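Trainee: Once you've had a glance at the structure underneath, I'll fire off some questions.
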Amino acid sequence: MTGTRRDEWIPMSDGARLAVTLYLPDSGAHPCILEALPYRKDDLTASYRPEYTRLRDEYDYVVARLDVRGTGSSSGRATDEYPHLEQRDLAEVIAWIADQDWCDGNVGMYGTSYSGFNSLQMAAERPPALKAVIAIYASDDRFTDDVHLCGGSRRWLDLVDYCHYMTPMNALPPVPALWGDGWRDEWAARIAEHEPWLFEWLEHTRRDGYWEHGSIRPNYSDIGCPVLIVAGWADGYRNSTFRAIEALRAAGRHAELLAGPWPHAATSSCLPGPRIDLVPEMTAWWDRWLRGRAPAVEPPQARWYAKASHRPAPDLDEVPGVWRADEWPTPRIGEQTWSVAPKPPYEVVADIGLTAWLSCSGHLPWGQPDDQRVDDIRSLTWDWPLADGLEIAGYSHVRLRVSTTEPVAVIAARLCDVGPDGTSTLVSRGFLNLTRRGGMATAEPLVPGEIYDVDVEIDAIAWRWAPGHLLRLAVAGADWPNVIAPPSPLTMTVHGGKLVLPTYDAAESPYPTPIFVPADETADEDPSAVTWRTSRDVLARITGAFVEHGGEPYATPYGRAGEHYIGEVNVQTQTFAQSARSDVTFSVHYDDDAAGAAVDCVAHSVLTVEADDTELDVTIDLTCTETGHSGQQVVGQRSWHRRFARDLA
């Protein structure tokens with residue numbers, strides 16, 4: 001049985017109209033699953049369609065896919081991610097859906113990344129018809145665990161990816177065949193009124209109300225419906241796992257966790273695996289909470305993949321390990337402590353971190369960590385032999401007594417698994433800007449020479465060291481290019497401390513090993529389609545990282561689309577001066593420009609950032625063009641130049 005696909009408008013109380021695509025079973029009233037996102041449902045993310053048709057045709061669910069206000073073919077302006085107005089819009093959307101004759105009144109929300117974020121946000125808003133959500137690769141804390149900041153410092157490599165590509169994406173036109181006459185006027189208005197989201201993000205360097213809006217942490221009790229969190233250990237949002245489930249359950253909410261080895265990409269086709277078919281897991285969840293079909297056996301509260309010792313590779317196809325299941329929190333979690341001996345003064349290395357690359361990895365080129373030995377040699381390290389092996393699950397902590405020679409310094413800590421041949425595999429890492437040692441809402445410079453007690457939390461992970469391997473702690477004063485390097489050269493001294501790990505006793509768990517429906521045998525990644533390069537200008541003392549990706553145009557419901565990204569970051573290792581550049585092009589071809597002709601629309605944007613010890617100097621140049629029967633013309637151009645304080649970061 002197959003259903004229909006239909007495009008409609010949802011009217012908002014202020015006169016705006018939001019574009020929605022409905023995937024409808026043949027007849028009857030059914031629960032509806034809503035996904036709301038700014039990534040243009042009809043072209044740039046139209047390739048996601050097979051999942052929606054499966055939910056409709058195999059499981060009899062209605063799926064509603066929505067362009068949020070000002071994006072894709074929805075009217076209004078896209079002023080920022082997760083604005084207050086978006087929550088108001090989505091409450092009206094959910095009420096509208098519940099009132100349609102094809103909906104039985106039960107609505108769920110889900111999505112990956114942005115649409116996982118706003119699923120959690122709407123669960124906290126508690127619209128009456130919203131009965132359950134699934135948040136995939138989504139954060140509970142926008143300040144500490146998003147693409148903007150890390151441990152109180154600016155994420156650096158993300159500037160040349162998501163933080164910039166939303167500028168040209170938001171400057172694309174609505175789909176002419178959907179909008180109808182006047183789509184060119186709407187496009188011109190979007191360009192003229194557009195402001196890059198990046199500027200708002202750069203203004204807020206400390207935890208404040210801006211970041212707290214849209215974060216369910218710490219107000220987990222605001223959530224009003226069951227929550228399923230799907231997470232990946234290779235994803236930047238991995239911290240919204242054990243802590244979120246524990247907090248939600250402590251607040252009396254039904255919450256479950258499914259955490260695999262995955263990056264910020266589909267569990268069915270990503271690197272690394274094992275890959276699973278997530279659709280049966282989601283529909284079992286929806287069946288329970290939207291259709292009232294209680295499971296025959298109550299599922300465990302948490303299922304996760306414990307990664308095992310292995311040789312690293314940036315394009316590893318599958319990570320060895322074992323699936324675990326347990327309640328959470330569980331009495332099978334313990335604590336083991338290792339003493340961290342003092343070390344002589346350490347001269348901070350600005351370009352350390354390249355082997356770990358980017359913590360919010362997804363499709364290539366944002367690949368997996370490589371052998372850590374190069375960075376280990378340039379770090380302070382402590383090793384402990386593990387004759388019997390070791391398994392952990394949760395958040396490790398590095399508690400140190402440190403002093404520095406400058407008022408701004410950071411601690412970048414890595415846990416590694418060292419094999420008998422010396423291969424060092426990254427387990428997890430943590431980062432803390434020491435000027436935020438008193439909390440992320442404040443910034444206090446260090447007094448050179450004074451000793452401070454600091455606690456660096458390591459990102460959530462589940463890992464098994466093989467017997468005979470070494471546990472390694474590596475500590476450095478930078479994690480570049482993942483995070484901006486400190487503003488100036490310095491020396492750091494570790495006066496001692498301890499490493500605390502959350503040990504897990506799997507032998508005592510009463511739950512059987514989880515079993516999942518396997519997915520693609522091979523990943524859909526194509527290394528030949530991307531460039532991922534690091535460089536070192538020896539005499540100029542400049543280290544660089546360069547990425548380029550974007551393939552052939554792909555088919556969409558209304559024509560075709562294409563995208564091309566170039567990103568580059570550099571650091572001068574003597575002065576710690578840094579730069580970033582991003583060049584992004586989005587192109588959409590429409591077979592029908594609402595007057596029967598074909599048209600090509602392009603948004604091209606270039607970002608440059610120069611960082612000295614106190615400021616970021618930011619320039620963005622945006623050009624939008626249309627090519628049709630009369631040739632190419634410039635629809636609009638914008639240029640911005642702004643400076644932002646680093647704020648002891």
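Throughout, read-outs are computed from the coordinates displayed, never taken from laboratory work. For clarity, every value in this text was computed on a predicted model and none was experimentally measured. Cβ coordinates were reconstructed from backbone atoms using ideal geometry, including for glycine residues, and neighbour counts include every protein chain displayed.
Trainee: Name the residues whose placed amide hydrogens come within less than 5 Å of the amide hydrogen of LEU316, ignoring near sequence neighbours (fewer than 5 apart) on the same chain.
Mentor: Hits under the 5 Å cutoff: GLN368.
Trainee: In whole Hz, with x marking every Gly and Pro, tabulate ³J(HN,Hα) for the stretch 423-435 from phi via Karplus 6.51 cos²θ - 1.76 cosθ + 1.60, θ = phi - 60°.
Mentor: 4, 10, 9, 5, 8, 6, 8, x, 8, 9, 6, 5, 6
Trainee: Might you report the magnitude of the Cβ-based charge dipole of the chain about its Cα centre, with Lys and Arg at +1 and Asp and Glu at -1, to the nearest 20 debye?
Mentor: Working: 56 positive and 94 negative charges, 273 e Å.
Taking the Cα centre of the chain as origin, the dipole is about 1320 debye.
Trainee: Once the Cα atoms of helix 114-125 and of the chain are each reduced to a long axis, what angle between those two axes, in degrees from 0 to 90 to the nearest 10, is obtained?
Mentor: It is inclined by approximately 80 degrees.
Trainee: Using amide H atoms built in the peptide plane, which far-off residues or other-chain residues are under 5 Å from GLN336 H to H?
Mentor: The list, which skips near neighbours in sequence, is LEU501, THR503.
Trainee: Using the crude model of +1 on Lys and Arg Cβ and -1 on Asp and Glu Cβ, and no other charge, please compute the dipole size for the stretch 496-649 relative to its Cα centre, in debye to 20.
Mentor: Numbers: 10 positive and 25 negative charges, 145 e Å.
With Lys and Arg at +1 and Asp and Glu at -1, about 700 debye.
Trainee: For the chain, what is the relative contact order in percent, using Cα pairs closer than 8 Å and at least 6 residues apart in sequence?
Mentor: Reported relative contact order: 13 percent.
Trainee: Still on this structure, please answer the following. Using the Cα centre as the reference, give the magnitude of the dipole from point charges on the C-beta atoms of the stretch 1-89 (Lys, Arg: +1; Asp, Glu: -1; all else neutral), rounded to the nearest 20 debye. Before the final figure, lay out each step's value.
Mentor: Values: 12 positive and 16 negative charges, 29 e Å.
Using only the charged Cβ atoms, the result is roughly 140 debye.
Trainee: Starting from the Cα gyration tensor of the stretch 27-160, take the square roots of the eigenvalues, sort them a ≥ b ≥ c, and report rounded, prolate or oblate (rounded when a/c is under 1.5, otherwise prolate if a/b is larger than b/c, else oblate).
Mentor: prolate
Trainee: Take the alpha carbon gyration tensor of the stretch 431-578, find the square roots of its eigenvalues, order them as a ≥ b ≥ c, and report rounded if a/c is under 1.5; if not, report prolate when a/b exceeds b/c, else oblate.
Mentor: oblate
Trainee: Let me ask something else. Under 5 Å between amide H atoms, partner at least 5 residues away or on a different chain: which partners does LEU490 have, H built in plane at 1.01 Å?
Mentor: VAL348
Trainee: Shifting gears a bit: Hey, how many Å between the Cα centroid of the stretch 381-399 and the Cα centroid of the stretch 323-355?
Mentor: Centre-to-centre (Cα) distance: 6 Å.
Trainee: Only Cα pairs under 8 Å and at least 6 apart count here; give the relative contact order of the stretch 162-222 as a rounded whole percent.
Mentor: On the way: 28 pairs, mean separation 19.0, N = 61.
Reported as a whole number, the value is 31 percent.
Trainee: Picking from MET169, ALA294, SER74, whose Cα lies most toward the positive end of the charge dipole for the chain (charges on Cβ: Lys, Arg +1; Asp, Glu -1)?
Mentor: The residue sitting farthest along the positive end of the dipole is ALA294.
Trainee: Let me ask another. Quick check: net charge around THR623, other residues with Cβ under 13 Å of its Cβ, Lys/Arg +1 and Asp/Glu -1?
Mentor: -2
Trainee: Going by alpha carbons, how many degrees (0 to 90, nearest 10) lie between the helix axis of 84-98 and the longest principal axis of the chain?
Mentor: It is inclined by approximately 50 degrees.
Trainee: Something else now. Would you mind counting up the charge near ALA519? Only other residues with Cβ under 9 Å from its Cβ, with Lys and Arg at +1 and Asp and Glu at -1.
Mentor: -2
Trainee: Please compute the net charge surrounding ALA611, taking Lys and Arg as +1 and Asp and Glu as -1 over other residues with Cβ under 15 Å from its Cβ.
Mentor: My count for the surroundings of ALA611 gives -3.
Trainee: Return the sequence-ordered ³J(HN,Hα) values of the stretch 234-248 in whole Hz as given by the Karplus equation 6.51 cos²θ - 1.76 cosθ + 1.60 applied to θ = phi - 60°, using x for Gly and Pro.
Mentor: Values per residue, Gly and Pro as x: 9, 10, x, 9, 5, 6, 7, 10, 4, 5, 5, 5, 4, 5, 5 Hz.
Trainee: A further question on this structure: Once you order the gyration tensor axes a ≥ b ≥ c over the Cα atoms, which shape class does the stretch 221-306 get: rounded for a/c under 1.5, otherwise prolate or oblate by comparing a/b with b/c?
Mentor: Because a/c hits 1.5 or more and a/b fails to exceed b/c, the stretch 221-306 counts as oblate.
Trainee: Step through the residues of the stretch 266-275 one at a time and calculate ³J(HN,Hα) from phi using the Karplus curve (6.51 cos²θ - 1.76 cosθ + 1.60, θ = phi - 60°), rounding each to whole Hz and writing x for Gly and Pro.
Mentor: With coefficients 6.51, -1.76 and 1.60, one gets 4, 5, 8, 9, 8, 10, x, x, x, 8 Hz.
Trainee: Let me ask something else. List the relative contact order of the stretch 197-293 as a percent without decimals, with contacts defined as Cα pairs under 8 Å and 6+ residues apart.
Mentor: Numbers: 101 pairs, mean separation 21.1, N = 97.
Dividing the mean separation by the residue count of the stretch 197-293 yields 22 percent.
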